[in-house]
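Inspection log for the structure reproduced underneath, given as structure tokens.
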Amino acid sequence: MATTLPHKDVAIIGLGWTGSILAYELATAGLDVVAIERGPWRDTATDFPPSWAPDELRYAVHLDLFQRPAQSTVTMRNNIKQTALPVRKFGSFIPGNGLGGAGVHWNGMTYRNMETDFNWRTHNEQRYGKNALPEDMTSQDWPITFQELEPFFDQFEKLAGISGKAGNLNGQIQPGGNPFEGPRSAEYPTPPDKQPFGATLYAQAAEGMGLHPFPIPSANLSQPYTNPLGVAMGQCTYCGFCDFFGCGNYAKASAQTCVMPALVRQKNFTARMNANVTKINLDSTGKKATGVTYVDDSGQEFIQPADLVLVCAFSFNCVHLLLLSGIGQPYDPVSNTGVVGKNYAYQCTSSVNIKLPGKILNPFISGGAVGMALFDYNGDNFDHTGLGFIGGGVLQAAHTGGKPLTQLVSFPGTPSWGSGWKKATKENYQIGYSLGTQGAVQSYRDAYLDLDPTYRDPYGSPLLRMTFDWHPNELKMSQYITGKLAEIGKAMGGTEIFATPAKAPYTVIPYQTTHNTGGAITGTNPTNSVVNKYMQSWDVPNVFVFGAAVFPQNGGFNPTGNVGALAYWGAHAIKTQYLKNPGPLVQA
Amino acid sequence: MNRPALIGAAVIAAALIAGGVAASRNARAQDEAPTAQTEISTDPQTIAAGKYLVAAGDCVACHTAPGGAPFAGGTVILTPFGKLVGPNLTPDRATGIGDWTDDQFVRAVKYGIGHNGAHLYPGLPYVYFNEVPRADILKIRAYLATLPPVNNQIVSNQLPFPFDIRFLMAGWNLLYFPDHGDFRPDPSQSAEWNRGAFLVEGLGHCAACHTPKNFFGADRTHREFTGYIVDGNNAPALVNSTSNGLGTWSAGDIATYLKTGHNAYADASGAMSSVIIHSTSNLTLADDHAIAVYLKSLPGPQSAPQPIAATDPAMVAGSHIYADECSACHMTGGTGEPGIIPALKQSPVVNAAKPVTLAHVVLNGGRSVGTQDAPTASAMPAFDGILNDQDVADVLTYVRNSWGNAAPAVTADQVSKLH
């Protein structure tokens, strides 16, 4: 028997980046806010003290900070003809769990969509003709422009203290920055990180080839910083323990470091931890949410009534909740009807490992977003005529550390254990270097999320089923940009160049990236999207969805910059429009 | 004879000798306090002023127990002589101060005489509150009268024999409580300095922790604000000395620290966190600045002792440990990171004669305070189990003798006693 709790103005599902931003914005606007988070409380000082937090076995191997498959998992298949099976150990992607969510363990690369990423379909069709996108490619324009979102990119960057160098300041191209970015209204809040030797060699080689390397916009702060919430951050120590880890130096921007110290001081904010939301409740019309149902860690069920429900979980978990709650029509690829679950996309990564004989790279001196990148082969920054694909990706020298268990640079023929492995490790540790790409992934009619017919979670609800594979566009794209990256590796003086572009089929086993996008996409009308341009559900206007689930397709870079900007954009719309007149902000 | 027994004997002797004089002092306190009946103001401005004075006096520290009702008492105060418990200040008639007259309240605060005429212990810092004018004390009363009455019987005196004999305080008062009377401004100083002096010396009772104490727990007045050890931690020197004090801080730095708990050099932790949360962060920045101006006028040693040579084996060992374990946050020059990681360079806690806080923090870690203006409560991780006692001693010796610091070497034996 569920216990019904006192009413709140706002119930937020998930307390990561978006949940904490929305909670702070709405609590400081005077609303009574409760955030309900599936995982534990986390605190920068006590959870990640630098004296022991860099524990590779605990965090990078045993995945201490992450969602346990026993809590919930997804089932996976490559195509509609297969039977999906549950992911019993997260591999390809690792959703976060607990306060801060995936923003605890992220590396901190904080890119923005480029201008053409927003009008993506229109732009490609204008430049390459009506048939530029294959028939089964369902990528579409965002309903927002870069110019609309720019102030909110800026707001998120200032919250996080991002370290970087502007490449386009109010339309003026700036030397040393990314010349392909949209016009920024302000320089980054802190200067770029210092660059390790490997990244320096990469930038020199790329520049020599006429390319445009720039320091990765980094949430590993180059210097101490105090954000607009008054929260203090420290400076990155280049310890090389970012990915999979929380940062106890207060140097990596995360919800628990950048938002929580200020949010916990708001008396009208409550956090309920270890509380798993199982459903968003609707009234009898099905057009209005009345709150959420959650189960705490003792198995007790609670109903939390609320006027406004914000779905701020990890991207595909948001889609799962919408499907379980009956919000919006589920997508069916056969009949090509419905929208919820449509346009699931991912990130197409690849790497180029090289040896730089004679060099001493000291790869342990690094950070998650410390490195150099270039956008010359990203988006539509190069002519795709005759290439047979659209899109591209960022090419990066972002060797995030030299951790002994998980970060040794491997080459073909190297044994994975024993004396041969030891010999190769000794020989290669200081000269092995890994370059990487983060490639765009277009959306397709047959790549989607729905409810699994067989497997259920501990609460008796169907698991989310993921149907996904690489398509020719992505494979060609990865082949092309990985080849370009290998050219830079060669220009660096690299020998034994070992390039591994993406290859089909997609598999969930090796870690690739936790950049899962789509399934609750934003668009111009209810037939092409789940949420409107303010991330408001078309079907249930007092439900908003935040995070990468709203991306219509995924660009060629890490998604968090977009995620943060959309959170502020949505918060602004709620505060300035919705609260004055609750109801649809865009008429269908 | 152990120390408490010795002190006890001495105090009894002093009390016997001085008893008669003390009795007359007591009478004077009675005389000074007019015998007017109770007239507690209900004027909102008076109440607000009283609330502000309560913040300035940090009354919460002793009168609100952790998790307890505001000012209902129950906080345990550990003194070198034994245990005192903060009384109930709510207007409850049976267990609080609800049936006290104004005179009784003023006598308690200003002279350390309880409502039944018995001596109070200087755990209630009447030695300092003596400077607070009666009018201000009645404003405090007016504020306290607005609190919800809480029935909470407190046995305040939980000292062991012989310290539990309240009459002993008559002798103590004679020796160490000069009864200056109301604060008298120094006309040769600025209004701001005088405001600061009133807050520091009077209600703020900063000397209670920051001034060394003699054998009897009274201030060594000739060494005012040169630092003391309270509850096993350093209450650092506040005098204007660069070698051991606040000499490197501007008045603005001090004010920022008091207002927010953090400045470019330091992040408050330990007992000072409580002072900042309940007292100084609630004062106006102007008052915090006045405190700073007064502290900056306190003379301190201007010549630094000689540091231990960098070639000393402990210094060499310490420099390596520092590079490995400390420098990433505290920086190679010991400057820390503004607002989040304390500077070690020219820090009074680092240069304290007895490095107890320093060793405690390295062994057990520590956490700074979060305030409205600076909400990040940054922390130092514990190194017990990572560094052994000799490592801790060496790195502290290094820290205490680098970047302009100079202080006696730390030994492994000193560290081992602090586990």
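The values are calculated or read from the model by the stated rules, or taken from the named source; none is laboratory data. A quick note: this is a predicted structure, and the numbers were derived from the prediction, not measured. FYI the Cβ positions are ideal-geometry reconstructions off the backbone, even for glycines, and counts take in every protein chain you see. Heads up: the accessible areas ignore ligands, DNA and RNA and are worked out on the full protein's heavy atoms, side chains in. Shrake-Rupley method; radii C 1.70, N 1.55, O 1.52, S 1.80 Å.
Could you grab me the full set of residues in the range B:109-129 that are under 23 Å from the mean Cα position of the chain (by Cα) and over 14 Å from B:Ala170 (Cα atoms)?
B:Val109, B:Lys110, B:Gly123, B:Leu124, B:Pro125, B:Tyr128, B:Phe129
Restricting attention to the range B:75-106, which residues are open to solvent by less than 30 Å² (accessible area, probe 1.4 Å), out of contact with any Leu (no Cβ under 8 Å at 6 or more places or on another chain) and over 20 Å from B:Ser274 (Cβ atoms)?
Hits for the range B:75-106 are B:Asp92, B:Thr95, B:Gly98, B:Asp103.
Name the residue, out of B:Thr221, B:Thr260, B:Thr226, that is touching a helix residue (DSSP H, G or I) at 6+ places or on another chain (Cβ under 9 Å), more than 23 Å from B:Asp288 (Cβ to Cβ) and of a type in the set (S, T, N, Q).
B:Thr221
Determine which member of the set B:Ile276, B:Ile321, B:Ile254, B:Ile291 is within 14 Å of chain A (Cβ to nearest Cβ), hydrophobic (A, V, I, L, M, F, W, C), in a helix (DSSP H, G or I) and open to solvent by less than 50 Å² (accessible area, probe 1.4 Å).
Going through B:Ile276, B:Ile321, B:Ile254, B:Ile291 in turn, the sole match is B:Ile321.
Does at least one position in the range A:90-113 carry a residue that is open to solvent by 10 Å² or more (accessible area, probe 1.4 Å), in a loop (DSSP other than H, G, I, E, B), modelled with pLDDT under 95 and touching an Asp or Glu at 6+ places or on another chain (Cβ under 7 Å)?
The answer is no; no qualifying residue exists.
Which residues, counting only those in the range A:160-190, are under 22 Å from A:Ala567 (Cβ atoms) and touching a Ser or Thr at 6+ places or on another chain (Cβ under 7 Å)?
Those that are under 22 Å from A:Ala567 (Cβ atoms) and touching a Ser or Thr at 6+ places or on another chain (Cβ under 7 Å): A:Ala160, A:Gly161, A:Ile162, A:Ser163, A:Gly164, A:Tyr188, A:Thr190.
For the range A:280-287, check the following and say yes or no: at least one residue is open to solvent by 60 Å² or more (accessible area, probe 1.4 Å), touching a residue at least 60 places away in the same chain (Cβ under 8 Å), part of a strand (DSSP E or B) and within 24 Å of A:Tyr578 (Cβ to Cβ).
Within the range A:280-287 (the criterion being open to solvent by 60 Å² or more (accessible area, probe 1.4 Å), touching a residue at least 60 places away in the same chain (Cβ under 8 Å), part of a strand (DSSP E or B) and within 24 Å of A:Tyr578 (Cβ to Cβ)), the answer is no, since none of the residues qualifies.
With the requirement that a residue be more than 23 Å from the chain's Cα centre (by Cα), among the β-branched types (Val, Ile, Thr) and away from every other protein chain (no Cβ under 12 Å), what does the range B:360-398 give you?
If the condition is that a residue be more than 23 Å from the chain's Cα centre (by Cα), among the β-branched types (Val, Ile, Thr) and away from every other protein chain (no Cβ under 12 Å), then B:Val392, B:Val395, B:Thr397 are the ones that fit.
Could you look through the range A:63-75, keep only residues that are surrounded by fewer than 18 Cβ atoms within 10 Å (Cβ to Cβ) and in contact (Cβ under 8 Å) with a residue 40 or more places away in the chain, and pick out the one that is farthest from the other protein chains (Cβ to nearest Cβ)?
A:Ala70
Given the criteria over 21 Å from B:Ala264 (Cβ atoms), in contact with a Gly (Cβ under 6 Å, 6 or more places away or on another chain) and either more than 14 Å from every other protein chain (Cβ to nearest Cβ) or open to solvent by 60 Å² or more (accessible area, probe 1.4 Å) (or both), does B:Asp413 qualify?
Judged against the criteria, B:Asp413 is not a match.
Tell me which residues, restricted to the range B:353-381, are open to solvent by less than 40 Å² (accessible area, probe 1.4 Å) and assigned to a loop (DSSP other than H, G, I, E, B).
B:Pro355, B:Gly365, B:Val369, B:Gly370, B:Thr371, B:Ala374, B:Pro375, B:Thr376, B:Ala377, B:Ser378, B:Pro381
On the given criteria, is B:Lys345 modelled with pLDDT of 95 or more and either open to solvent by 50 Å² or more (accessible area, probe 1.4 Å) or within 14 Å of chain A (Cβ to nearest Cβ) (or both)?
Here the answer is no, as B:Lys345 does not meet what is asked.
Hey, any hits in the range B:333-343 for a residue that's touching a strand residue (DSSP E or B) at 6+ places or on another chain (Cβ under 7 Å) and in a helix (DSSP H, G or I)?
No, the range B:333-343 contains no residue that is touching a strand residue (DSSP E or B) at 6+ places or on another chain (Cβ under 7 Å) and in a helix (DSSP H, G or I).
For the range A:169-194, how many residues meet the condition of being out of contact with any strand residue (DSSP E or B) (no Cβ under 6 Å at 6 or more places or on another chain) and either polar (S, T, N, Q) or part of a strand (DSSP E or B) (or both)?
Of the residues in the range A:169-194, 5 are out of contact with any strand residue (DSSP E or B) (no Cβ under 6 Å at 6 or more places or on another chain) and either polar (S, T, N, Q) or part of a strand (DSSP E or B) (or both).
Scan the range A:342-374 for residues that are small (Gly, Ala, Ser) and open to solvent by less than 30 Å² (accessible area, probe 1.4 Å) and jot them down.
A:Ala345, A:Ser350, A:Ser366, A:Gly367, A:Gly368, A:Ala369, A:Gly371, A:Ala373
Tell me, yes or no, whether the range B:325-335 has at least one residue that is open to solvent by 20 Å² or more (accessible area, probe 1.4 Å), among the acidic types (Asp, Glu) and either closer than 16 Å to A:Gly248 by Cβ or touching a Lys or Arg at 6+ places or on another chain (Cβ under 9 Å) (or both).
Within the range B:325-335, one or more residues are open to solvent by 20 Å² or more (accessible area, probe 1.4 Å), among the acidic types (Asp, Glu) and either closer than 16 Å to A:Gly248 by Cβ or touching a Lys or Arg at 6+ places or on another chain (Cβ under 9 Å) (or both).
Can you find, within the range A:259-279, the residue that is most open to solvent (accessible area, probe 1.4 Å) among those that are basic (Lys, Arg) and under 26 Å from A:Gly161 (Cα atoms)?
Result: A:Lys267.
Working carefully through the options A:Phe241, A:Phe245, find the one that is away from chain B (no Cβ under 14 Å), surrounded by 24 or more Cβ atoms within 10 Å (Cβ to Cβ), assigned to a loop (DSSP other than H, G, I, E, B) and of a type outside the set (A, V, I, L, M).
A:Phe245
For the range A:27-42, what are the residues that are open to solvent by 30 Å² or more (accessible area, probe 1.4 Å) and among the charged types (D, E, K, R)?
Listed by number, the residues that qualify are A:Asp32, A:Arg38.
Any residue at all in the range A:136-151 that's among the aromatic types (Phe, Trp, Tyr) and under 25 Å from A:Val370 (Cβ atoms)?
no
Please enumerate the residues belonging to the range A:213-234 that are part of a loop (DSSP other than H, G, I, E, B), buried (at least 24 other Cβ atoms within 10 Å of the Cβ) and either within 7 Å of chain B (Cβ to nearest Cβ) or without any contact (Cβ under 8 Å) to a residue 40 or more places away in the chain (or both).
If the condition is that a residue be part of a loop (DSSP other than H, G, I, E, B), buried (at least 24 other Cβ atoms within 10 Å of the Cβ) and either within 7 Å of chain B (Cβ to nearest Cβ) or without any contact (Cβ under 8 Å) to a residue 40 or more places away in the chain (or both), then A:Val231, A:Gly234 are the ones that fit.
Search the range A:45-62 for residues being in a helix (DSSP H, G or I) and surrounded by fewer than 17 Cβ atoms within 10 Å (Cβ to Cβ), and hand back the single one that is nearest to the other protein chains (Cβ to nearest Cβ).
Across the range A:45-62, the extreme among qualifying residues is A:Thr46.
So A:Gly391 fits all but one of (1) in a loop (DSSP other than H, G, I, E, B); (2) within 30 Å of A:Thr73 (Cβ to Cβ); (3) out of contact with any helix residue (DSSP H, G or I) (no Cβ under 6 Å at 6 or more places or on another chain); what number is the exception?
Unmet for A:Gly391, out of (1) in a loop (DSSP other than H, G, I, E, B); (2) within 30 Å of A:Thr73 (Cβ to Cβ); (3) out of contact with any helix residue (DSSP H, G or I) (no Cβ under 6 Å at 6 or more places or on another chain): (3).
Being within 22 Å of the chain's Cα centre (by Cα), open to solvent by 10 Å² or more (accessible area, probe 1.4 Å) and within 29 Å of A:Cys348 (Cα to Cα): is that true of A:Gln438 here?
In short, yes.
Quick one: how many residues across the range A:294-333 are closer than 22 Å to A:Gly103 by Cβ and of a type in the set (S, T, N, Q)?
Summing the residues that are closer than 22 Å to A:Gly103 by Cβ and of a type in the set (S, T, N, Q) in the range A:294-333 gives 2.
So which of A:Pro196, A:Pro189 ends up being in contact with a Gly (Cβ under 7 Å, 6 or more places away or on another chain) and more than 14 Å from chain B (Cβ to nearest Cβ)?
Testing whether each residue is in contact with a Gly (Cβ under 7 Å, 6 or more places away or on another chain) and more than 14 Å from chain B (Cβ to nearest Cβ) leaves just A:Pro189.
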